[in-house]
Every structure is written in C-alpha cells, then in structure tokens.
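The values are calculated or read from the model by the stated rules, or taken from the named source; none is laboratory data. A quick note: this is a predicted structure, and the numbers were derived from the prediction, not measured. Cβ placement follows ideal geometry from the backbone for every residue including glycine, while neighbour counts extend to all protein chains displayed.
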Amino acid sequence: MPHRRFKSSKPAASIATLKTLGLTSTALTTDFKHYYGYRLGRDETCQSLHYAYEALALTISDRLTERGKRTYNAYKQADCKRAYYLSMEFLMGRTLSNAMLNLGINDETTYALYSLGLDLEELTENEPDAGLGNGGLGRLAACFIDSCATLQLPVVGYGLRYEYGMFTQSIVNGEQVEDPDHWLRNGNAWEIERLEYTQRIKFGGHTEIHTDEHGHAHVSWVGTQDVLAVPFDVPIPGYRNGTVNNLRLWKATATEEFNLQEFNAGDYVESVASKNTAENITMVLYPNDASENGKALRLRQQYLLASASLQDVIATWIGRHGEDFSEFAAKNTFQLNDTHPSIAVAELMRLLVDKHGLGWEQAWRITSQTMAYTNHTLLPEALERWSVSLFKQLLPRLLEIIYEINARFLAKVSARWPGDVARLARMSLIEEGHEQHIRMAYLAIVGSYSVNGVAALHSKLLQQGLFRDFYELWPNKFNNKTNGVTPRRWLASCNPDLAELITETIGEGWLTDLKLLKKLEPYAEDSAFRKRWHDIKQQAKQQLIDYKRSEVGLDFEININALFDVQVKRIHEYKRQLLNILHVIHLYDRIKRGDTANMVDRCVIIGGKAAPGYFMAKKIVKLANNVANVINQDPDIGTRLKLIFLPNYRVSAMEKICPGTDLSEQISTAGKEASGTGNMKFMMNGALTIGTLDGANIEIREEVGDDNFFLFGLTEDQVEALRSNYDPLAIIAQDDELQRVLNLIECGHFSQFEPGIFDAVLASIKSPQDPWMTIADFRSFVDTQKRVEEAYQDQERWTKMSILNTANSGKFSTDRTIAEYNQEIWKLTPVVVDNKF
Ligand code: 26Q
C-alpha cells in the first residue's frame, strides 16, 4: 500500500493544530481571495465564473472539513454505536447552497461576494449536479444522510464514486439523446481523497481448503485478480449543529502488481493499459432504475462497495478492539439500500470466518444482527437475481458461503414446515430452472434483523404478497418506514421566499421540527396571508418559466395565471406518463371542438429520463415531444393549453420546478409505486396532488384530508381483481372522448411524417394484458381533472388548499423517517458536537 497511517496514535501537535476558521464575511473574503489568487492562480482578468465558484467552494469546504474532524473525534470519544448506510446511489445534486444554509452563512457569503462584485446566484449555477443516482432511491439516500447529520446521529454513508453519473438528456427531433456526464471534469472541491484507507478487493480465482493442526478446515480464496478501492470523503453538514458526518465514496484503481506482472514480461504498454479493467469498475452509473439483470460489471460494482465498506469498518473495529468481535453487533449496523449492496451479508461472513477466524455460528449471529434491509420495489421483474455461473466465476468464495447460508436456512424452514417441499422451493435462495439464480432479496431477508418497505401500503403488500413466506416465518422482522425528504433542501433552500413567509408567521423551529408547519393552518383563513402566499407562488411560476426559456428557449407565450400541472420523474410505464399525455390530447381535442366550458388555461410540464435500453419509455418521451410540438404551434390553442417537455430533469431542476407547481401528478397504477418522494416535495411547496391510492399518496391524503387532494382511479385491490378479465377495448367502445384521443394518435396527427411510430404504444395500452391498466383509469382521471379546474377557478379556495398542503406536510420530513429508523432499527445515541469554536 502506497500510504500508511501515522505510526504513533498521536499526530505531532504542530501538524494537527490549526487555527479555527471564521464564518464572518471578512474571513470568507480573505480565504476566497487566497484560493482564487494562489491555488487557482487567477486574477481580475479571468472571465470564467467557474473559478469564482471553485474558490468559494474551497473556502466553504475547509469549514466543513474542520467540523468533520471534530465530529469524528466526538464519535470516537463517545465510543458509540454507529450505522452505515450502504447504497449504490447517492443523488446529491449541488452542494454549495446546502452547505451555506446548514452552516448558517448565507448572508455572510452573499455579502462577501457582493463586496467582490460577484453574484452568489450566478456562482451556484456553475456547480454541476453530482448525479450519482437514478431517481427516488438515490435521492432518498442523500436526504437520509442530511437528516442523520441534523439529528446528530453517528452514521456514515458508503457509496461509489462514479466517474460518469447519470447521463445528460437532450431532445433531438423529439427523441431522447444521451450524453455521458463527466461531472468530475473540472475537479470536485467537496471531496478529499484518503489513500491511507485504501482497501484491496478480490475477484475471480478459486478456493482451497486447508486443515490446521487441530483438524479445523480453513478456506482460502486464491489466484484472484485484485483491485484497490480508494475512498473519497464528502462532508455532510447537519443543520446548524456543529455536526459534519461523512459520505465515503469508493473509486476503483489498479493494484501495483496488477501492472507489474505484465511489465516484467516486457509488455509495458499493455500493462499500463490493463489498469483500465480495474478502473472501469467505478467508471459509470447504471442508468436503469429497474434492475438490469446479469451484467458482470454491475456485480463487480456491488461487491466492491460491500467489501470495501465492510473491510473499512472492520479495520476501525480492530484498531480499537483487536480481534475481539463479541461486541461488534452491539456497536455496528448496516442499512442496505435495496438489494444492490446485499452481497454484504455473504461478504461479512467471509471476512469474519475466513479472515478473522470466527466459527460459522458466531459469525452468523453477528451478521444477522448487524444487517438491515430496505426494499424499494414491488415489481417482480425488478427483483435482483444473479446467475450462479457468473457468481462462481467472479466471486467463487461468496457462492460457497451463500450455499452454506441457504442449506442452514432451508433446514430451519423444513423443521418448521416438515414435508412442505413447495415452500422450500419457493423460499430457497437459489432459484432452480434452466439456469440457477441467486435471489438477492431472499439473501438480504435471511441475513437481516430488519426488513422494511418505504410506505404503509408498500410494506403491507410486501408482507402479504412478495415476501409472504418470510413474513410467516419471521413476522417481527418486518416493519414500515414511510419515506420523507429533507425540508432544508426541499423547502428552505429551493423556495426561500415561501420559507421566509413561513418563518415570519410561525418562527423558525419548523426547519428541524416540520410538524410545526401545522401552525400555518389557521392562516389559510386569513385573506392577507393568502395574498402573500399566492404572490410568492406566482413569482415562483414566473421564475420557472424564465428558467425554462433559458434552458429550452420556448418560442410561445405562457399565461402565468395558467394552472401549472407537473409530472417529473423517471419515465416508466407504471408511472403512467401516458395517462397524462392522453389527458392533454383530450383537452386539445376539446379546444379544437370549441368545447371550452369551465376550462382553465393549463401549462402541462413533463420531464424525466428513460433508461437508454427501455424501448417503451423512449416512445413515451417521443410522444410527449410530438404532442407538445403540435399543440404549442397551433394558433387555435393559444395560451389555453401548453405542453412542455423539460429535458434533462435532475435534482437542481426539481429545485426550480417544485416551488412553481400548482398541481402535482402522482398517477401510477395503484400498488406499483413503492412510495414516491417527488409527491412530498410538491406538497411541501404548496402544490395540490392529483393521485391514485398508491405508495405515500395514501398517507399524503390522510394528512391533508380528502377535501384537499384529488383522488382518482382504481385501488390496488380493484386493479388485481380486474386483471383476469380486463377488457380495454370494451372500455374504449363506451367512451367517445377516449376514442377521439386514441384516434388522433392512430391517424398520425402527432406523427405526420413518421407513420406508425406510436403503434407499439397504442398496442400496449389496448392489450388486455396491459399490466398498468391505463385505459381503465382514463375516465376517472379526466373527470377528476375537471374537479381540479373547478377548484382552480376559485383562486381563493385554491390558495387555501395550497396552504393546507404545506401545513400538513410535516410527516414527510426525513427527520421523522430517520428518527423512526433510529428508534426501531439502529438504536443509536445522538452525539452532541462542541460547536462553540
Ligand atoms: C439494479 C440492478 C442493475 C441495474 C440497476 C438496478 C437498479 C438501480 C436503481 C434498480 C432500481 C433502482 C432504483 C429504484 C428506485 O429508485 N426506486 C424508488 O425508490 C424510492 C425511494 O424509496 C421510492 O419512493 C419509489 O417509489 C421507488 O420506485
């Protein structure tokens, strides 16, 4: 290993002692100038704002690092239990604004920059999003670690430092075009590389059994091709509490001997080039948000994350406790973000048994009392399965361990249900068939002490459906943790005007105790307050339009008083962007027919990325764009109806979108969206929801009341009951307006020069096998949209409902979610960090 830690446990005072950095605008200005002039070597002739952003980021990063070290030491001193959040995705977005907010230096920074003739807002726009995630699951991880730091919980995030994050999306001729997102091109001021914590990861090779002098068998995994995992640490500040936690992201690099072997054989260029194989592992994020099964590189990524993180935790443990693992489970817990890191169950067994010499039983007790698993999907096709043959090739020792876990587990099942062969086959970690597969969710359940879903309905469906057998065996393992979002980013930072009005009205406690928003309820009746609320919403709508104009260059007029109707999320058939588009076409058809009674002007915004290999999702993007082109250019339509497809939807875009949204579309087929979290961001920012009884929508409606929520569509039970005799053609036959909509698509009205391009889309929704039952919910959706318009016509009433939505969004803070994870799963004690320095 190239770098070693200090030999002495106490670093020399002269290098460890640093002066405390100030938070005043003067102190910030001094450091800014220093970085700008020296580290970055620029002067006033430099035209690029990038370097000003960079100097500011470095200035603030130092302040975080300083607090991070104090937090680390406070945890060490408290010798407290810790939790580790293992996730293949952390969709962090931008860091600068959030860091300033949490450190409480917004005003100081604004002033410092102002005095240098710089505009803070312009600088923040120079920061690229850290797009290290696909969507909900990755953003949830980011909101979670924000709340952990705010609640002063000793939690470390472990993830991968992808060189390329989520692809950028542009639209060419109505179609999605993907480009790689080299987000690290200009460096990353927020991270610190820590070579001294590098870990070695094994791949390939084979296993050998040796018997020691006591007759005990030991397995060694040899002949491997090793890769190094180098950690990069990113500071995660709590909200104004002195705590700065750590997010540790692993980058894969080649070992030195990796190159050397071939170098000695005389093939210098080949050997240097072979570094690529290792470095490829963390090169790119997989852009699917439903599992893409079978890719060896993905398995390498997952194993690298699990192995490096576990070795890191164990190294720290040994540094303190030596090889005594008796207290390990009492002091450490790992939360698995879906099955993606679930190989950690087998890897912890391997490390404890093979490397640290524990017996199987003790190792299993430790593992199964240390791991906790969160499921994020009910779609059976999205459950991860890995072929046994791939595992054998890549991770032969882990396969043996999984077989052993399975044998012991099936013996338990068999003892509980003697002779129930069908049950054994159902519950086995190995799925038989033409090819054997490992069921990763079952590995995660068997190896964990807690299994949770992410909203009440979802957790119930896991227990009664997908994981029923396991629930029968271990009812107490199962629990629910309804998702949330961090109110710092998703209200305070993205909607400062609304936040200020709220603070002025009810004080500032809501930022860390979101239930206090309830105090806004009486103000819904106050017309002066309503006017201020409405004005802020209108201003946010204007800002949203300005943003869109600068990004996409809209060449038509938009009525600022129109209903801003928004659906932004990954493009998926189950999320039913199609249902939304069918409704838009229906409105277009009505306007063309002159049936505009009770209509309000409406601006529909759709945004989201399609997985590059998901044919139907890409067709939906194309349809949305084609329909938009026809409607937006039609002079008969004017400002009555606009459809905008917003390209390259991402975290920083949502921060501009949610404050300016009137209506939030949460229209998935009931029983398919595990939770949703965009729904919560919209609600918090005073949007009303039109939604099905799915995921967290159910709880949103419970909180805000049915009067302030637009419910439509089949329930989950009804969807399942209808499935066996679903007849979309019969539904279409009875609905003129639906016929007209489908006919417009069919006859090529939205594809004049591209005949037949939407045939597959039409066939899918007309099929009795359509799992998403779009046609079944069309009528209910259209009728409910009419109720939306009626409500919107009465602006006073709408604003009241808007206020009530924000006022009742308190449940959906990740502070509440994380408090529940901690009380019921992790059981950590908060550690107060001295912040008076
Ligand atoms: C797996 C294997 C190979 C390649 C990719 C994947 C993969 C990657 C990402 C599979 C799934 C995901 C992401 C899933 C996800 O975002 N799920 C969402 O999680 C949210 C947070 O709990 C919920 O609110 C959403 O309902 C759920 O869809």
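Among the small types (Gly, Ala, Ser), surrounded by 19 or more Cβ atoms within 10 Å (Cβ to Cβ) and within 33 Å of the chain's Cα centre (by Cα), is that true of ALA763? Reasoning before the result, please.
Details: among the small types (Gly, Ala, Ser): yes; surrounded by 19 or more Cβ atoms within 10 Å (Cβ to Cβ): no; within 33 Å of the chain's Cα centre (by Cα): yes.
So ALA763 fails the test.
Out of all the residues in the range 477-487, which are under 9 Å from CYS143 (Cβ atoms) and either β-branched (Val, Ile, Thr) or touching an Asp or Glu at 6+ places or on another chain (Cβ under 9 Å) (or both)?
GLY484, VAL485, THR486
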Report task. Among what's in the range 352-379 and is over 25 Å from SER675 (Cβ atoms) and buried (at least 19 other Cβ atoms within 10 Å of the Cβ), pick the residue that is farthest from the ligand (Cβ to nearest atom). Result -> LEU358
Report summary line: Given the conditions (1) closer than 25 Å to SER87 by Cα; (2) exposed (fewer than 14 other Cβ atoms within 10 Å of the Cβ), every one holds for GLY433 apart from (1)
Query - Contacts under 8 angstrom Cβ, first residue in the range 676-688 being without any contact (Cβ under 8 Å) to a residue 60 or more places away in the chain, partner more than 9 Å from the ligand (Cβ to nearest atom) and among the β-branched types (Val, Ile, Thr), 6 or more apart - result: ASN679/THR689; ASN679/ILE700
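Taking the conditions exactly as written (among the β-branched types (Val, Ile, Thr), within 27 Å of ASN126 (Cα to Cα) and free of Cβ contacts under 8 Å to residues at least 12 places away in the same chain), does VAL172 satisfy them or not? Before the answer, list the steps.
Working: among the β-branched types (Val, Ile, Thr): yes; within 27 Å of ASN126 (Cα to Cα): yes; free of Cβ contacts under 8 Å to residues at least 12 places away in the same chain: yes.
Yes: the conditions hold for VAL172.
Name the residues in the range 652-676 that are of a type outside the set (Gly, Ala, Ser) and either more than 19 Å from PHE564 (Cα to Cα) or more than 16 Å from the ligand (Cβ to nearest atom) (or both), would you?
Matches in the range 652-676: GLU655, LYS656, ILE657, PRO659, THR661, ASP662, LEU663, THR669, LYS672, GLU673.
Give the residues of the range 266-314 that are more than 15 Å from the ligand (Cβ to nearest atom) and either within 21 Å of the chain's Cα centre (by Cα) or within 22 Å of GLY135 (Cβ to Cβ) (or both), sorted by residue number. First the steps, then the outcome.
If we filter the range 266-314 for residues that are more than 15 Å from the ligand (Cβ to nearest atom), which is where we start, we get 266-280, 307-314.
Matches in the range 266-314: SER309 only.
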Query raised in the report: Does the range 129-139 contain any residue that is away from the ligand (no atom under 16 Å from the Cβ) and either among the β-branched types (Val, Ile, Thr) or modelled with pLDDT under 95 (or both)?
Result: no
**Report entry** the range 574-591, subset crowded, with 22+ Cβ neighbours inside 10 Å and either within 13 Å of the ligand (Cβ to nearest atom) or under 18 Å from PHE615 (Cα atoms) (or both), residue nearest to the chain's Cα centre (by Cα)
**Finding:** LYS575
Report summary line: Over the range 380-419, the set of residues within 16 Å of the ligand (Cβ to nearest atom) and acidic (Asp, Glu) is GLU381, GLU384
Query raised in the report: Scanning the range 371-416 for residues that are hydroxyl-bearing (Ser, Thr, Tyr) and in contact (Cβ under 8 Å) with a residue 60 or more places away in the chain, which turns out nearest to GLY695 (Cα to Cα)?
Result: THR377
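Going by the conditions given, is ILE585 over 30 Å from LYS811 (Cα atoms), in contact (Cβ under 8 Å) with a residue 12 or more places away in the chain and out of contact with any Phe, Trp or Tyr (no Cβ under 9 Å at 6 or more places or on another chain)?
Taking the combined requirement at face value, the residue does not satisfy it.
Conditions tested, residue by residue: (1) within 30 Å of LEU304 (Cα to Cα); (2) surrounded by fewer than 21 Cβ atoms within 10 Å (Cβ to Cβ).
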site	(1), (2)
CYS80	yes, yes
ALA83	yes, no
ARG94	yes, no
TYR111	no, yes
GLU125	no, yes
LEU132	yes, no
LEU137	yes, no
Query raised in the report: Does SER97 meet the test of being in contact with a His (Cβ under 9 Å, 6 or more places away or on another chain), touching a residue at least 40 places away in the same chain (Cβ under 8 Å) and of a type in the set (Ser, Thr, Tyr)?
Result: no
